[in-house]
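Peer 1: Okay, here's the structure, questions in a sec.
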Amino acid sequence: MIVSNAVLRQFQLSFPIMSKQSSSILTNKDPKAGCAIMFIIAAIIGGLVTVTLVLPFLQTGKMKDFTQPEPIELSTKEVLPAPPTALVSKLQAQKAQLESTTAPAVLTYTVAELNDMIRAYEECKELQGTFEVKSITPEVMLCDISFLLNTNPLSSDKDKRYLNGTVHAVPAIKNDELILKISKVESVIGEVPEGFRNHLQEYRIMQPYTNHESIGRVMFGCESITLGEGEMTLTVNPQKFADPKSVEPVKDNSEKKQQRRFMMPLMSFIMIGGLFFFMLRRRNAKEAKKWKDQADRE
């Protein structure tokens, strides 16, 4: 580390008793200092990398407290060969209403209709057997789930873990996309830790359908969502629904944010290490030049 003469003089004036000893310590050459600094930086970076690699294994151990090796049976797992006639007629009538009026359209769906949509339509294939609307009240929507969680990256199919339970959710519109704001997660075998619950605070259940020809346009035009006894109601602006421009899918930046949170401290340590290395190289170059000048004079 390079210390200017001005700093040394200020230090000597402040602490005259220690001036000679401190001056000797600050200016004394220590060939092991550079190695020690680089070792510390390498240890810190190695610790970050180790935590990143070990974390999935630690999470797997914690998951066993509230997950199960097998999924639970949900009614949405039974796929319907064709949508119910009454549901098809209702959806067609709602679409016609949106295309023929300028007044806000009110679209209402019951618990049975929401589950039939999941079971009958190919677009909802990802939700079949993993998500089921259990009940709806004016305050909350209860949904049964059976989610396959990411576990140990080295684990086999036999080591799969499923989060089986019930979530307390309230639907909302965010960035032209219907999401579920999760307030509570109940597992069938144990309490779900807060860290895992936070990952489900905003469940983007409709993310794959933001650019769908019909579903995406409904979400794009949706102005509000309310809950009632056994039903969910959407208020849709027909002008936005009829807008011919394509509804671009909202990009999920959660993974990029996690990578950024990891890379920022890593880059900071690398920059600090580079700075120390540059300072040591500069100091050594000055010392080498000083010794060379002395040798030339002698």
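The values are calculated or read from the model by the stated rules, or taken from the named source; none is laboratory data. No experiment lies behind these values; they were computed from the predicted model shown. Positions of Cβ are generated from backbone atoms using ideal geometry, with glycine treated the same way; all protein chains shown enter the neighbour counts.
Peer 1: For residues that are at pLDDT below 95 and assigned to a loop (DSSP other than H, G, I, E, B), tally how many sit in segment 140-152.
Peer 2: Total meeting the criteria: 4.
Peer 1: Turning to a different aspect of this structure: I want to confirm something. Restricting to segment 185-225 and keeping residues that are under 30 Å from GLU99 (Cα atoms) and of a type in the set (A, V, I, L, M, F, W, C), which single residue is modelled with the lowest pLDDT?
Peer 2: Only one residue fits best here, namely ILE215.
Peer 1: Residues in segment 169-196 that are charged (D, E, K, R) and not in a strand (DSSP E or B): how many? Before you say what the answer is, go through the steps one by one.
Peer 2: Step one: of segment 169-196, the residues charged (D, E, K, R) are 174, 176-177, 181, 184, 186, 191, 194.
Keeping just the survivors that are not in a strand (DSSP E or B) gives 174, 176-177, 194.
Summing the residues that are charged (D, E, K, R) and not in a strand (DSSP E or B) in segment 169-196 gives 4.
Peer 1: Testing CYS124 on (1) in contact with a helix residue (DSSP H, G or I) (Cβ under 6 Å, 6 or more places away or on another chain); (2) of a type in the set (A, V, I, L, M, F, W, C); (3) surrounded by fewer than 17 Cβ atoms within 10 Å (Cβ to Cβ), one condition comes back false. Which one is that?
Peer 2: (3)
Peer 1: While we're on this one: Filter segment 125-139 down to the residues that are assigned to a helix (DSSP H, G or I) and closer than 24 Å to LYS184 by Cβ, then identify the one that is modelled with the lowest pLDDT.
Peer 2: Taking segment 125-139 first, the residues assigned to a helix (DSSP H, G or I) are 125-127.
Add one more test, that the residue is closer than 24 Å to LYS184 by Cβ, and what stays is 126-127.
Working: GLU126: 89, LEU127: 92.
Among them, the one singled out is GLU126.
Peer 1: Report whether or not GLN59 is at pLDDT below 85, surrounded by 14 or more Cβ atoms within 10 Å (Cβ to Cβ) and either assigned to a loop (DSSP other than H, G, I, E, B) or among the polar types (S, T, N, Q) (or both). Break it down stepwise before answering.
Peer 2: Details: at pLDDT below 85: yes; surrounded by 14 or more Cβ atoms within 10 Å (Cβ to Cβ): yes; either assigned to a loop (DSSP other than H, G, I, E, B) or among the polar types (S, T, N, Q) (or both): yes.
Yes; evaluated as a whole, the condition is true for this residue.
Peer 1: Moving on. Any idea how many residues of segment 84-98 are out of contact with any helix residue (DSSP H, G or I) (no Cβ under 6 Å at 6 or more places or on another chain), within 15 Å of SER214 (Cα to Cα) and among the hydrophobic types (A, V, I, L, M, F, W, C)?
Peer 2: Residues that pass the stated criteria total 4.
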